[in-house]
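In what follows, a structure is listed as structure tokens, so that the remarks can point back to it.
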Amino acid sequence: MMFILKELLKLVHPFLPFVTEELWHQLPLSNEKSIMITSFPKFHSKWVNSKAKKEVQMMIDLVSQIRNIRGENNVSPSKFISVTIVLKEKKNGSLLNSYSESIKSLAKLSQMRWQTESLDPKNVIRAALKFGELFIPMTELFDVEEEKKRLQKELAKVEEDMTHLDSRLSTPAFVERAPKDVVQKEKDRFQELKSKKEKLAESLKKMSSL
Amino acid sequence: MTKIMTAHISLDKPYQPKEIEEKWYQFWMEEGYFKANPSSKKRPFVIMMPPPNITGALHLGHALTAFIQDVLIRWKRMQGFNTLWLPGSDHAGIATQNVVEKELLKENTSRHALGREKFLERVWKWRENYGRIILTQQKRFGASCDWSREHFTMDEQLSRAVREVFVSLYKEKLIYRGNYLINWCPRCESALSDLEVNHIEKSGKLWHLKYPLEDGSGFMIVATTRPETMLGDTAVAVHPKDKRYQSLVGKTILLPLVQRKIPVVSDKAVDPQFGTGAVKITPGHDFNDFELGRRNSLPMISVLDEKGRMNENAGAVYQGLDRFKARKKILEDLTAQALLEKEEDYTVTLGHCDRCEAIVEPMLSTQWFVKAKPLAKPAMDVVRKKKVKIIPEGWAKTYFNWMENIKDWCISRQIWWGHWFSSALWPFSTLGWPQKTKDLKTFYPSTVMETGFDILFFWVARMMMMGIYFMKKPPFASIYLHAMVRDAQGQKMSKSKGNVIDPLDTIEKYGADALRFTMIALATQGRDIKLAEERVAGYRNFINKIWNATRFARMNLESNFNFKEVSSSKNLSTKTNF
Ligand SMILES: [Zn+2]
């Protein structure tokens, strides 16, 4: 993503020389002293290298998958994690190696391993990639004891809400007098809470087995 | 992903162009990034900046020119070309003299009162002042031109080139002195080229004068919008097929007031439908009459002096009178003699001086001329053979049309300061010609001549003629003509209309990048560039978005991200390709 931004700044530099120069210096982009003396992106058809484009696209996919998982699990931005990638083809391994430094910086990785042998571990978060599969151990994403506590707390809250709602829905006066759509809404909410409770219980069960 | 980012975003202040622009321009200059290298092995990409006149500060039209050229130069520089963008300014002789004279007028003095030496001091002071203002403006525009090669059309090197050109054209008999009817501004006291005369329609009068036949058999009635010129009449002309006058051709008229004998002649150029079908002929003060006079071998009499007063040929009664006072007196005198048949309202087209707006008089004068035809032919050939491309293509037709009908080019100027030719020599004189310099070898011809379409003939065509003649190669590979800047309603910007948008004010308010982007975006949309301030504000917001997006991305990067590793590894080429 950063090189796209970098190429974009170069692309618009002739039109917007001042702001692009300033941003160039604000970003840790390259050794070049000025955007003015960098080389202009080559978009001539013979330069559009489909192989390069594909490679870069692969790396972007990988980084965004990792970032998504981090995001969904509330992983702190300062925390470095380790990941494993199972590749469909071995030749992509060297590709990963050549990009490893930028991937590690962009996705905040302490380690990036790859292998071609299949893997079916427990207690991991997995994500499909075009060229393989991504595995992140749950222990990398959160502190198990902390997470258990958090889940239990959340579960207790959901259960409490359900009890309240249940007693309300069992009151004949409410069901009869309240407008029909209000009653329906409360019923829906009850169903939502129910499925949430199931999910939380499932997660908690997984967590306890770690 | 979003969660990671938002956790770290703290909203910074928006983009502050003012703080940044000066800093970076200074930095670029110090690093010498604008400088061209005549010894470089890279392919050259050269633009000669159309030198702005030093008559005043730069307006939006100049800004547009600078923006387009800077985009091209920066782009080509990043593509690895050896770029030269050569800046400078034009002394604009008569025009600058006039603005200085206007200043003197405010101080209740004049050029003549000051005398030549003092006046020239004032002109040079003006040049210094406006030269500096223009330079500052160009820098604020972000123009990445090679200031070490800056030139002024009156500097020593360029004046030397002018002398060289004059002598060499004279030796080749392409310059001659001749008696010619020229446009003369009695206020500037100078000959004007056709292009320096604005033809403006005004309401005036048409007077019908009675010219008595010498034999007393009657009168011929002629119509004129300029009765004072009658003192210089040398014939009355009718159409050869006009039955009304066939019997009169060959007879003699006794010209009223001066009692000079003039013939009645016939010529096909006379329009029998105009007035009475008989016209007075003043070869000394009218372009059509001059040609007719030549065809019929008529004498040519000049009745005006250089200040527009009647001269000795007008007769003792009128000599010394200003042309408009003389007109009044002549009409009175003709009325007294019952020789004024009638007076009617009439729309006249009058030539006005482009510099001072005075009414121009066609005058006989000995002037220096360049023979244009032999120079124009090769300048047309190179465009026909596509050695020089004109963009947009439509202008090529206009170019041929003008070149085919080109008249000899009057190059003398009755001025105290300045010379002609200099701007026509710009593509090679600035590179050191007539010396055979390394710059000349590397940077001639230029790659593209980029300018407003309004000076295609004034300047571009003349550079073509001179470049081909002296350098044996056209001065540029292509000519790119851009549109004119107008206000949001499509009207020309002018001080009197109060619709002028000042480029520096706008830059102060929105930043140079916003103005650059707005004008470049508009320049791609046809002939007129209709600029409204809101547009600049809109693009300023757009720049703010780029600013925020990039800073947003930066925050997401964290502090230890370092691109060095990437740039030093082998995969750099793959990424650059992408
Ligand atoms: Zn004038």
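Values in this text are rule-based calculations from the coordinates and carry no lab data. Fair warning: this is a prediction, and the values are worked out from it, not measured in the lab. With ideal geometry, Cβ positions are generated from the backbone for all residues, glycine too; neighbour counts draw on all protein chains shown.
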(request) Only loop residues by DSSP count here, and only those with at most 14 other Cβ atoms within 10 Å; note down the trypsin sites (Lys or Arg not before Pro) in the stretch A:56-102 that meet that. (result) A:79, A:88, A:90
(message) Please compare each pair in B:241/B:261; B:139/B:530; A:153/A:185; B:118/B:492; A:108/A:157 to a cut-off of 30 Å on the Cα-Cα distance and tell me which ones are over it.
(response) B:118/B:492; A:108/A:157
(message) For residue A:109, what residues show an amide H to amide H distance below 5 Å, using hydrogens built from the backbone and excluding near sequence neighbours?
(response) A:81
(message) Given contacts defined as C-alpha pairs under 8 Å and at least six residues apart, what's the relative contact order of the stretch A:50-141, whole-number percent?
(response) 36 percent
(request) Calculate the spin-label point distance for residue B:393 paired with residue A:194, positioning each point 7 Å from the Cα along the beta-carbon direction, and give it in nanometres. (result) 7.4 nm
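Mean separation of Cα pairs under 8 Å and 6+ residues apart, divided by the residue count of chain B: what relative contact order is that in percent? Display every interim value, and only then the final one.
Numbers: 951 pairs, mean separation 100.9, N = 578.
Once normalised by length, the contact order is 17 percent.
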(message) Report, to one decimal in Å, the Kirkwood hydrodynamic radius for chain B based on all distinct Cα pairs.
(response) 28.0 Å
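Set the Förster radius R0 to 60 Å, insert the Cβ-Cβ distance between residue B:136 and residue A:57 as r into 1/(1 + (r/R0)^6), and round the FRET efficiency to 0.05. List each step's numbers first, then the result.
On the way: r = 47 Å, r/R0 = 0.79.
E between residue B:136 and residue A:57, to the nearest 0.05, is 0.80.
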(message) Full-extension gain between residue B:324 and residue B:102, please, as 0.36 nm times their residue separation minus the C-alpha to C-alpha distance.
(response) 77.6 nm
(message) Between A:127, A:173, A:156, where does the largest GNM mean-square fluctuation fall for chain A, given springs only between Cα atoms within less than 10 Å?
(response) A:173
(request) Please build a GNM for chain A, connecting alpha carbons under 10 Å apart, and tell me which residue among A:106, A:27, A:95 fluctuates the most. (result) A:27
(message) Give me log10 I(q)/I(0) at q = 0.05 Å⁻¹ for the protein assembly as shown, Debye formula, one equal scatterer per alpha-carbon, no solvent.
(response) -0.47
(request) Assign one of three labels to the stretch A:50-141, namely rounded, prolate or oblate, based on the Cα gyration tensor with a ≥ b ≥ c the square roots of its eigenvalues; rounded applies when a/c is under 1.5, prolate when it is not and a/b is larger than b/c, and oblate otherwise. (result) oblate
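Inverting the mean 1/r over all pairs of different Cα atoms, compute the Kirkwood radius of the stretch A:144-208 and quote it in Å.
Mean inverse Cα-Cα distance, inverted, gives 13.0 Å.
Would you calculate a helix-derived [θ] at 222 nm for chain A, using -39,500 (n - 2.57) for each DSSP H run of n ≥ 4 and dividing by the full residue count, to the nearest 500? Spell out each step's value before the answer.
Working: 8 runs with 127 residues, N = 210.
Taking each H run of at least 4 residues, the total per residue is -20000 deg cm²/dmol.
Order of B:420, B:402 from fewest to most other C-beta atoms within 10 Å? Mind dumping the intermediate values first?
On the way: B:420 22, B:402 14.
In increasing order of surrounding Cβ atoms, one gets B:402, B:420.
What FRET efficiency comes out for the pair residue B:521/residue B:29, r = Cβ-Cβ distance, R0 = 25 Å, nearest 0.05?
Details: r = 27 Å, r/R0 = 1.10.
That gives a FRET efficiency of 0.35.
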(request) Just tell me which lysines come within less than 16 Å, Cα to Cα, of residue B:438; anything on the same chain fewer than 8 places away is out. (result) B:35, B:41, B:42
(message) On a straight-distance basis, which lysines could pair with residue B:125 in a cross-link, Cα separation under 17 angstrom, same-chain partners fewer than 8 positions away excluded?
(response) B:102, B:106
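Please rank B:487, B:267, fewest neighbouring Cβ atoms within 10 Å first, as an exposure proxy.
On the way: B:487 21, B:267 18.
Least to most surrounded, the residues fall as B:267, B:487.
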(message) If neighbour count is taken as other Cβ atoms inside 10 Å, put A:7, A:55, A:21, B:201 in order from fewest to most.
(response) B:201, A:7, A:55, A:21
(request) Pull out the extension gain between residue B:405 and residue B:22, defined as 0.36 nm times the separation in residues minus the alpha carbon to alpha carbon distance; nm, one decimal. (result) 133.0 nm
(message) Straight-line reach from residue A:6: which lysines fall under 19 Å, measuring Cα to Cα and dropping same-chain residues less than 8 apart?
(response) A:33, A:42, A:53, A:54, A:104, B:76, B:545, B:564, B:570, B:575
(request) Below 29 Å Cα-Cα, how many Lys pairs turn up in the stretch B:337-434? Only count pairs eight or more apart in sequence, or on different chains, if you could. (result) 27
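Which percent, nearest 5, of DSSP beta bridges in the protein assembly as shown are antiparallel? Intermediate results must be reported in sequence, preceding the final value.
Working: 57 of 87 bridges.
Percentage antiparallel, nearest 5: 65.
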